[in-house]
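Structure, as structure tokens:
The values are calculated or read from the model by the stated rules, or taken from the named source; none is laboratory data. Bear in mind that the values here come from a model prediction, so they are computed numbers and not experimental data. Cβ: placed from backbone, ideal geometry, glycine included. Neighbour counts: every protein chain shown. For accessibility, only protein heavy atoms count, side chains too; no ligands or nucleic acids. Shrake-Rupley method; radii C 1.70, N 1.55, O 1.52, S 1.80 Å.
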Amino acid sequence: EDGARAALTFFDLQQQANRLANSLTAAGVARGDRVALILPQRPETIVAHLAAYQLGAITVPLSFLFGPEALEYRLQNSAAKVAFVDPQSLPNLAPVRDRCAALTLVVGVAGAGGPGVEPWESLQAASRHFTRIETRATDPAILIYTSGTTGPPKGALMPQQCLIGPILFPVYRLL
């Protein structure tokens, strides 16, 4: 193999998102729960977004470059129930994880692992069939934080209708 990334189709994305949505549902994630994505742009990032939206959950994209204090503030403020991490972001989450009371599940991608970290691969063992939650265009979908340059970062809750551009553009870049 020459190291080239295997082609990822929209069908593949949907199957992975369905499996993940089933696993998240089994873990108790439901409509309105916050799902933090502390990941760079990679296939798992878009799959996690899609799975969360199918559940009616709200994604909280956070920079994988944030240090422990920045992560702690945003995870506590958003009451994130789940956090997806990679090998770069996990060390910054580890020291503050116990102070994030709502955080019940940490999922490791790209080999991120350790005590209390559920491997991505184990969440892909669920059924590839999932019936998505019906949502309206005005239902919440994503919680984006300001930079916090003039005070504490503030969360801006965006509705489903704001997703088309920000979600589809990274998908095309990954394919």
Spatial separation of Cα centroids for the stretch 91-159 and the stretch 1-66, in angstrom:
9 Å
Share of carbon and sulfur in the accessible heavy-atom surface of the chain [1.4 Å probe, %]:
57 percent
For the chain, the charge dipole (Cβ of Lys, Arg +1; Cβ of Asp, Glu -1; about the Cα centre) points to a positive end, and the Cα of S127, G56, N18 closest to that extreme belongs to G56
Running a GNM on the chain with Cα contacts under 10 Å, which residue among L37, L24, L163 ends up with the highest mean-square fluctuation?
L163
Share of Cα-Cα pairs in the stretch 51-136 beyond 21 Å, in percent?
32 percent
Evaluate 2.2 N^0.38 Å with N set to the residue count of the chain, then give the Cα radius of gyration divided by it.
0.99
For the stretch 7-142, what is the charge dipole size about the Cα centre, in debye to the nearest 20, if Lys and Arg each add +1 at the Cβ and Asp and Glu each add -1 at the Cβ?
240 debye
By the mean-Cβ-within-10 Å protection proxy, highest first, 61-67, 102-108 rank as 102-108, 61-67
Provide the per residue accessible area, probe 1.4 Å, for the chain, rounded to a whole number of square angstrom.
51 Å²
Using a Förster distance of 35 Å, how high is the FRET efficiency between A137 and A79, based on the Cβ-Cβ distance and rounded to 0.05?
0.90
How far apart, in nm, are the 7 Å Cα→Cβ label points at E121 and A30?
3.3 nm
Using DSSP loop states and a limit of at most 15 other Cβ atoms within 10 Å to flag trypsin sites (Lys or Arg not before Pro), what is the longest stretch of the chain containing no flagged site?
32-127
Hull-based mean projected area of the stretch 1-95, where the convex hull spans the alpha carbons, in square nanometres
6.8 nm²
How far, in nm, would the chain grow between K154 and A7 when pulled straight, counting 0.36 nm per residue and subtracting the alpha carbon separation?
49.1 nm
Mean separation of Cα contacts under 8 Å (6+ apart) over length of the chain, as relative contact order %
24 percent
Using the basic label-point model (7 angstrom from Cα toward the beta carbon), what is the A110 to L163 distance in nanometres?
2.4 nm
